[in-house]
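We did not get these values from a lab; they are worked out from the coordinates using the rules stated. Owing to the predicted nature of the structure, the values given are computational and were not obtained by experimental measurement. Because the Cβ atoms are built from the backbone with ideal geometry, glycine has one as well, and the counts that use them run over all protein chains shown.
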Amino acid sequence: MTTYLGRVLLIIPCFNEEKRLRLVEFSKFPHLQFLFVNDCSKDRTPQILEDFCRDHPRHRVVHADFNVGKGEAVRVGITSLKSSEIKNYDWIGFWDADLSTPLWEVDNFLKFSLTYQRPVDAIFGSRIKKLGSVIKRSQMRKFMSLFFKLVVEKFFLVTFYDSQCGAKLFRASIVQDLFRDKLISRWVFDIEILNRLAGKHVVEYPLQEWLDVPGSKLNIARDSIRIFSDLIHMRKELNERKINEKSS
């Protein structure tokens with residue numbers, strides 16, 4: 001007897017993914033639905049997505065009006081959904097377009113959530129190296145991830161092992177509130193999402209597989225300054241919001 005795990009919609013933010021989109025993989029999971037968000041790509045990504053969704057009409061693509069970044073692209077996808085559509089799903093999340101986290105992990109996310117007595121509101125993929133797992137990251141990325149984790153713990157008192165993994169699921173019932181307001185940061189929006197999830201039951205699922213796919217838009221040397229600048233800006237903005245909420 002097959003266990004019912006839930007109806008899942010994944011938002012797939014895409015920016016210049018022409019050479020990395022493996023759309024044949026997306027067609028292998030008929031129980032999942034995909035909403036691709038073209039973040040104003042300059043290559044053939046929009047046409048490739050339109051062709052795929054025409055051939056697979058249960059999936060669709062929306063286009064951002066201008067390049068908004070990954071976090072806001074996810075938000076564009078979620079805000080494009082009507083309330084009646086959201087009710088069709090148990091879980092709505094986002095997944096990296098390069099499938100560094102394979103799509104077969106989705107079912108593992110949901111099985112993992114069932115191991116808790118208290119209902120889970122959000123599941124974050126976590127690149128924890130454990131026995132039997134295949135987690136392949138460059139040494140530089142490992143170092144930056146550890147350094148980022150220490151900074152986030154100090155700045156935001158967030159004790160997650162891996163807040164930045166691009167595979168996350170949320171209860172469909174909370175996504176409209178979660179993504180109603182624009183995100184402060186273009187680079188580290190995951191931390192802001194964690195702040196918005198305060199009081200919710202958020203768990204980390206240790207991935208069985210994660211592969212560092214060539215062609216990432218992240219440039220460690222160039223983007224590190226932007227990332228930490230965003231962290232400082234975000235901390236200031238979130239503190240100001242808390243002060244305003246207390247005074248109102």
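Fewest to most neighbouring Cβ within 10 Å: what's the order for 104, 187, 210?
104, 187, 210
Residue 233 versus residue 58, label points 7 Å from Cα toward the beta carbon: distance in nm?
Result: 4.1 nm between the two label points.
Compute the distribution of all C-alpha to C-alpha distances in the chain, in bins of 5 Å from 0, and list the percent of pairs in each, rounded to whole numbers.
In order of increasing distance, the bins hold 1, 6, 13, 18, 20, 19, 13, 7, 3, 1, 0 percent.
How high is the relative contact order of the chain, given as a whole-number percent (alpha carbon pairs under 8 Å, six or more residues apart)?
The normalised contact order for the chain reaches 23 percent.
As a footprinting exposure proxy, order 175, 74 by other Cβ within 10 Å, with the fewest listed first.
Neighbour counts put them in this order, fewest first: 175, 74.
Expected output is a single nm value to one decimal: the length gained when fully extending between residue 212 and residue 51, i.e. 0.36 nm times separation in residues minus the C-alpha distance. What is it?
This chain segment gains 55.3 nm when fully extended.
Between residue 18 and residue 90, how high is the FRET efficiency from 1/(1 + (r/R0)^6) when r is the Cβ-Cβ distance and R₀ = 30 Å? Nearest 0.05.
That pair, residue 18 with residue 90, gives E of 0.40.
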